[in-house]
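Chemist: Just dropping this structure here.
Where a number appears in this text, it was derived from the coordinates with a stated rule and is not lab data. No experiment lies behind these values; they were computed from the predicted model shown. We place every Cβ from the backbone using ideal geometry, glycine too, and count neighbours over all the protein chains shown.
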Amino acid sequence: MRLAPRVLCSAAQAAWRENFLLRGRDVARWFPGHMAKGLKKMKSSLKLVDCIIEVHDARIPLSGRNPLFQETLGLKPHLLVLNKMDLADLTEQQKIMQRLEGEGLKNVIFTNCLKDENVKQIIPMVTELMGSSPRYHRGEVSERPLMFLLDTPGVLAPRIESVETGLKLALCGTVLDHLVGEETMADYLLFTLNRHQRFGYVQHYGLGSACDNIERVLKSVAVKLGKTQKVKVLTGTGDVNVIQPDYPAAARDFLRTFRRGLLGPVMLDLDVLRGHPPAETVP
């Protein structure tokens, strides 16, 4: 099912929210305290390696990077791998590369590990980086195997200053959903999709048109999926059974559908690339 041109035109011209309101949320509690400990342990491991491979989600190539980790790199050869390229809208890929190069990153590869897309470029590039690095002066070099890989867990910054950055990280699955709240995340996702004119959710869920009201969207999703429940409501004439949408279940499906790429490719850092200020307002 394709969206009718009339629907797309009216959606593109609609006035979407310019700000995302997030009241009473403490971003700090979204991120476990052990992250600082993990980063400290990672720093000691870096002394043992000749090249660093930093892996991130291609949908958040800028805001997804840990600024504290960048400070630990030193002069080590460094390769940034932006995975899940199949889920990212790479229309602005050139701008992404320019921004990263401005941050000192010249070696960047976009990959899709599920389809082995560009993955085979990693080892040759790492070999070249180590061979041309002035810091590569080992007395003994391994022959079998030619290369060892030291893996570390993903480490987020212990403190995230921007609520919007935290929400982007959460949408990409780097934070436990329940810490942020599935309905809050679904609302931010809807806000982002509409702001970037990505209306794949309308087609996927068979909605009549794009909408900026998360309650209406989740209600339609719940009804379509059969995620409803009977609830007793006390009235002046006695109890009445009413059908109520299961909003949390609908929100979970909305997030899961996005993460599987079924709503189309999305670039969550589009606002950063275009120099727009953070969208959220926190009274």
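Chemist: Just add up the charged neighbours of Arg198: K/R +1, D/E -1, any other residue whose Cβ is under 14 Å from the Cβ of Arg198.
Modeler: Numbers: positive: Arg59, Arg195; negative: Asp89, Glu92, Asp212, Asp269, Asp271.
Around Arg198, the charge tally is -3.
Chemist: Per q in 0.22, 0.24 1/Å, what log10 I(q)/I(0) does a Debye calculation on the alpha-carbon atoms of the range 32-132 return?
Modeler: Listed by q, the Debye log ratios stand at -1.30, -1.40.
Chemist: Now a separate question. In units of 2.2 N^0.38 Å, what is the alpha-carbon radius of gyration of the range 163-274?
Modeler: With N residues counted in the range 163-274, Rg over 2.2 N^0.38 Å equals 1.20.
Chemist: Want the number for Lys47 to Val231: 0.36 nm per residue separation, take away the alpha-carbon distance, what's left?
Modeler: 60.2 nm
Chemist: Looking at this model, which pairs from Lys84/Lys120; Lys47/Lys168; Lys41/Lys120; Lys40/Lys106; Lys84/Lys106 are more than 23 angstrom apart at the alpha-carbon?
Modeler: Working: Lys84/Lys120 15 Å; Lys47/Lys168 31 Å; Lys41/Lys120 29 Å; Lys40/Lys106 26 Å; Lys84/Lys106 20 Å.
As for pairs spanning more than 23 Å Cα to Cα, those are Lys47/Lys168; Lys41/Lys120; Lys40/Lys106.
Chemist: Between the range 236-261 and the range 144-209, what is the separation of their alpha carbon centroids in Å?
Modeler: What the calculation gives is 21 Å, centre to centre.
Chemist: Between Asn241 and Arg144, what FRET efficiency follows from the Cβ-Cβ distance if R0 is 51 Å, with the result rounded to 0.05?
Modeler: Efficiency, from the Cβ-Cβ distance: 0.10.
Chemist: Another question, if that's okay. What residues have an amide H closer than 5 Å to that of Phe110, excluding those fewer than 5 places away on the same chain, when H is modeled at 1.01 Å from N in the peptide plane?
Modeler: Leu82
Chemist: Shifting gears a bit: Excluding residues on the same chain fewer than 8 positions from Lys227, give the aspartates and glutamates whose Cα lies under 13 Å from its Cα.
Modeler: Hits, sequence-local ones excluded: Asp246, Asp253.
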